[in-house]
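Trainee: Below: one structure in structure tokens.
The values are calculated or read from the model by the stated rules, or taken from the named source; none is laboratory data. Just so it is clear, the structure is predicted and the values come from calculations on it, not from any experiment. Heads up, the Cβs are rebuilt from the backbone with ideal geometry, glycines too, and the neighbour counts pull from every protein chain shown. Note: areas computed on protein heavy atoms with side chains; ligands, DNA, RNA excluded. Shrake-Rupley method; radii C 1.70, N 1.55, O 1.52, S 1.80 Å.
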Amino acid sequence: MTAKHNSGHAVRRTVPEPEPELPPPSNQSALHAPVLVLNASYEPINVCAARRAIVLVLKGVAMAEEENGHYLHGARLTLRVPSVIRLLEYRRIPHQTRALSRKNILLRDRNTCQYCGMPLGSSELTLDHVIPRSRGGVSTWENLVACCHSCNRRKGNQSPVEAGMRLLREPRAFTLHTSRHIMRLLGHSDNKWRKYLFY
Ligand SMILES: [Zn+2]
């Protein structure tokens, strides 16, 4: 398999189209199984739910590269549920494709307080502005980190230096590289993803 980056390909603008109707599923959970999405160049670019992947295949936007062995039985149609799909046309992926959200910051920081290193449940973590908002700190990828409540209290309205606290690592935007790392973690449960993720 080659994983070439054909960035020279024409970029097609995506026009929203009506979604084809799916057969009523006999197994709802099969529709939520994660599916790895590859660019036309075989570069992994995303993870989506099986339902979305099937819609993309039915619309002729993508093709199934791997199947997960499950079937979706409808009234008139039986579909194989994909495990990996590939877009038929190359899509240019901007460097920062992820939305800045609490969920994505916690995902980036792997639910770990970025000051004391404690891994915690989402409800036990808060978002800390590294440079506090009261001091002009903005809500950006580079200035928001996952933080436990006790570190958050300790830091208060101070910068990490003033509070004598250190960040585990420099907060960065959630890039394709980060996403790929997450995909690898997710992909451990699906052997069919491996050959696309480890190259
Ligand atoms: Zn902490």
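Trainee: Out of the range 137-163, which residues are open to solvent by 60 Å² or more (accessible area, probe 1.4 Å), within 16 Å of the ligand (Cβ to nearest atom) and in a loop (DSSP other than H, G, I, E, B)?
Mentor: GLN158
Trainee: For residues that are in contact (Cβ under 8 Å) with a residue 12 or more places away in the chain and assigned to a loop (DSSP other than H, G, I, E, B), tally how many sit in the range 127-136.
Mentor: Within the range 127-136, residues that are in contact (Cβ under 8 Å) with a residue 12 or more places away in the chain and assigned to a loop (DSSP other than H, G, I, E, B) number 3.
Trainee: Looking at (1) on the phi < 0 side of the Ramachandran plot; (2) of a type in the set (S, T, N, Q); (3) more than 9 Å from the ligand (Cβ to nearest atom), find the lone condition where GLN114 falls short.
Mentor: Just one mismatch for GLN114, condition (3).
Trainee: Sort through LEU72, LEU107, LEU100, LEU87 and tell me the only one that's touching a Pro at 6+ places or on another chain (Cβ under 9 Å), more than 16 Å from the ligand (Cβ to nearest atom) and in contact (Cβ under 8 Å) with a residue 12 or more places away in the chain.
Mentor: Values: LEU107 fails: touching a Pro at 6+ places or on another chain (Cβ under 9 Å); LEU100 fails: touching a Pro at 6+ places or on another chain (Cβ under 9 Å); LEU87 fails: touching a Pro at 6+ places or on another chain (Cβ under 9 Å).
Only one candidate passes the filter, namely LEU72.
Trainee: So ILE85 fits all but one of (1) open to solvent by less than 70 Å² (accessible area, probe 1.4 Å); (2) farther than 20 Å from LEU197 by Cα; (3) β-branched (Val, Ile, Thr); what number is the exception?
Mentor: The failed condition is (2).
Trainee: Are there any pairs, at least 6 apart or on different chains, whose C-beta atoms fall under 6 Å, with the first in the range 144-172 and touching a residue at least 24 places away in the same chain (Cβ under 8 Å) and over 23 Å from LYS103 (Cα atoms) and the second open to solvent by 20 Å² or more (accessible area, probe 1.4 Å) and near the ligand (Cβ under 9 Å from one of its atoms), and if so, which?
Mentor: That search, which allows pairs on different chains as well, returns MET165/TYR115.
Trainee: Could you look through the range 164-182, keep only residues that are assigned to a helix (DSSP H, G or I) and either of a type in the set (Val, Ile, Thr) or touching a His at 6+ places or on another chain (Cβ under 9 Å) (or both), and pick out the one that is farthest from the ligand (Cβ to nearest atom)?
Mentor: Restricting to residues being assigned to a helix (DSSP H, G or I) and either of a type in the set (Val, Ile, Thr) or touching a His at 6+ places or on another chain (Cβ under 9 Å) (or both), the top hit is LEU176.
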